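So the structure is just underneath, and the comments pick up after that.
Since every read-out is calculated from the coordinates, none of them should be taken as a lab result. Because the structure is a prediction, the values reported are computed rather than measured. Backbone-built Cβ (ideal geometry, glycine too); neighbour counts: all protein chains shown.
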Amino acid sequence: MNQPSNRQIVLAARPNGNAAPGDFNLVTRPMPSPAEGEVLIRNMLISLDPYQRNLMGNASSELPPIDIGQPMPGPTVAVVEQSRNRDFAVGDQVVSWSGWQEYALSNGADLQKIDAGRAPLSSALGVLGHTGLTAWVGINKFLDPKPGGTFVVTAAAGSVGSIAAQLAKLRGHRVVGVAGGADKVRYLKEELGLDEAIDYKAPDFAAQLANALPNGLDTLFDNVGGHMFEALMPYFNMHAQIVVCGTIAQYGFPGAAEGPNRLPDLLKAFLYRFIVIRGFALPDHFDSFPAFLAEVAPLVAQGKIKFREDVVVGFENIPDAFLKLFDGRNNGKLIARIAVPERAAP
Ligand code: NAP
């Protein structure tokens, strides 16, 4: 008789540059069994996120890398399959941080119950989960621009960027989104209603930028860094505010960038244009979740904040899907669906 087992995707090698399929291994381990106080959860939806590249090592991040052989960590939506913890019942649907595996044990400390009636379960990993929260925290806690100025968002068609752009619009700014490709530009203008959208992959990117920023930029929500930040530097206005949310262009490239050193120009801009630039990391702001949800969940329910999700089906397809984040083939929040619950709460 077959023993029940647990498939995991583990780190097989530290990447050089962007991640590659060979950097992961799919392994089969024995099914874990909960001790007193623990629950066994079954993952249904697994979130694929750019920071996971940083956890693989040889990256630009200051996060310590995980060990070779360890399952890739990250958020999931799961259902409780067995419970020896009085706070959780079989069938409860939860957000967990159990990563790229089918089953996991938890003592409950990392689990957050989902209000299943509020929105599709998958939104707990995106617009009403950590990526929506990231956009909200960046805007609410790290920027304080006057309404009416020009607010630029990079990777604007992505999970964080699309929410940041819509929140900025709702706060009365003129919002310009930057993204890769004509489809994403169309989505930003026609479906999200941004004032301008620019395709950084188009040959006339520089001209598009100049047209969209005739009066410079007052606020920047940057998800990309590197080449994108450099292209935007000449447009920083006096007292511009910048939040560096992510530098995805650089995650796989920890060394000094090739090309001319623009650091002196950057320092000059900070000094003479009185620029404020701040970075942040979401784990320091999880306590903002209730305030975020109180504002954003009604906006989503009313259709004032739109979102899209890119759902890949099948556990074994996770590594290939993950790579889409780094060349822009994802269209919205990237999620792997690996199971449909048999015993979900009604
Ligand atoms: P996402 O935007 O849905 O997907 C990543 C997007 O980045 C891709 O679709 C691609 O969009 C763009 N991209 C990738 N490589 C690029 C490059 N070399 N140049 C320009 N654009 C590139 O992913 P997300 O989860 O919402 O994350 C967005 C950013 O937020 C990431 O930098 C992430 O690390 C950051 N983040 C930060 C925190 C925090 O705590 N500070 C928390 C969550 C996320 P295009 O098709 O437009 O190129």
Report ³J(HN,Hα) in whole Hz for each residue of the range 31-43, in order, from the Karplus equation J = 6.51 cos²θ - 1.76 cosθ + 1.60 where θ = phi - 60°; Gly and Pro get x. 5, x, 10, x, 8, 4, x, 10, 10, 9, 10, 10, 6
Within the range 263-346, list the GluC sites (Glu not before Pro) lying in a DSSP loop whose Cβ has at most 15 other Cβ atoms in a 10 Å radius. E342
To the nearest 10 degrees, the tilt of helix 159-170 (Cα long axis) against the first principal axis of the alpha carbons of the chain is 50 degrees
Please give, to one decimal in nm, the separation of the simple spin-label points placed at R329 and H227, each 7 Å out from Cα toward the Cβ. 1.8 nm
How much length, in nm to one decimal, is gained on full extension between K304 and R86, taken as 0.36 nm per residue of separation minus their Cα-Cα distance? 74.6 nm
Nearest-20 debye value, the range 206-327 charge dipole, Cβ charges on Lys, Arg, Asp, Glu: 440 debye
Positive-end residue of N107, M31, N54, charge dipole of the range 1-117 with Cβ unit charges: M31
Pull out the extension gain between Q70 and Q112, defined as 0.36 nm times the separation in residues minus the alpha carbon to alpha carbon distance; nm, one decimal. 12.8 nm
So for the chain, taking the charge dipole from beta-carbon charges (+1 Lys/Arg, -1 Asp/Glu), which of I248, G303, P65 sits furthest toward the positive end? G303
Let me check I've understood the local charge: for V244, count other residues with C-beta under 14 angstrom from its C-beta, Lys and Arg +1, Asp and Glu -1. What total comes out? -1
Give me the count of lysine pairs in the chain whose alpha carbons sit under 16 angstrom apart, restricted to pairs 8 or more positions apart or on different chains. 13
Neighbours of P15 by Cβ distance under 9 Å: Lys/Arg at +1, Asp/Glu at -1, summed charge +1
Put a dot 7 Å past each Cα toward the Cβ at V313 and L170; how far apart are the dots in nm? 3.2 nm
Only Lys, Arg (+1) and Asp, Glu (-1) charged, at Cβ; the range 128-249 dipole about Cα centre in debye: 260 debye
P(r) tail for the chain, what percent of Cα pairs lie past 29 Å? 41 percent
Taking the Cα atoms of the range 1-103, what is the range of coordinates along each of the three principal axes, in descending order and whole Å? 44, 33, 21
Share (percent) of C-alpha pair distances in the range 286-346 greater than 16 Å works out to 64 percent
Given the peptides 28-34, 99-105, arrange them by the average over their residues of other C-beta atoms within 10 Å, most packed first. 99-105, 28-34
So, in nm, how far is label L263 from label N25 when the simple model puts each one 7 Å beyond its Cα toward the Cβ? 3.9 nm
Summing +1 per Lys or Arg and -1 per Asp or Glu among the other residues with Cβ less than 12 Å from E191's Cβ gives +3
Scan around G149 for amide H atoms under 5 Å from its own, H built in the peptide plane at 1.01 Å from N, and keep only partners 5 or more places away or cross-chain. R174
Classify the range 165-289 as rounded, prolate or oblate from the Cα gyration tensor: take a ≥ b ≥ c as the square roots of its eigenvalues, call it rounded if a/c is under 1.5, otherwise prolate when a/b beats b/c and oblate if not. rounded
Roughly how big is the chain's charge dipole about its Cα centre, with Cβ charges of +1 (Lys, Arg) and -1 (Asp, Glu), in debye to the nearest 20? 460 debye
Along its three principal axes, how long is the range 269-314 when you only count alpha carbons? Whole Å, largest extent first please. 48, 30, 24
So for the range 43-160, using the alpha carbon gyration tensor with a ≥ b ≥ c as root eigenvalues (a/c under 1.5 gives rounded; past that, a/b versus b/c decides prolate or oblate), I'd call it oblate
Karplus-derived HN-Hα couplings along the range 172-186 (A = 6.51, B = -1.76, C = 1.60, θ = phi - 60°), whole Hz, x at Gly and Pro: x, 9, 8, 9, 10, x, 10, 8, x, x, 5, 4, 5, 5, 4
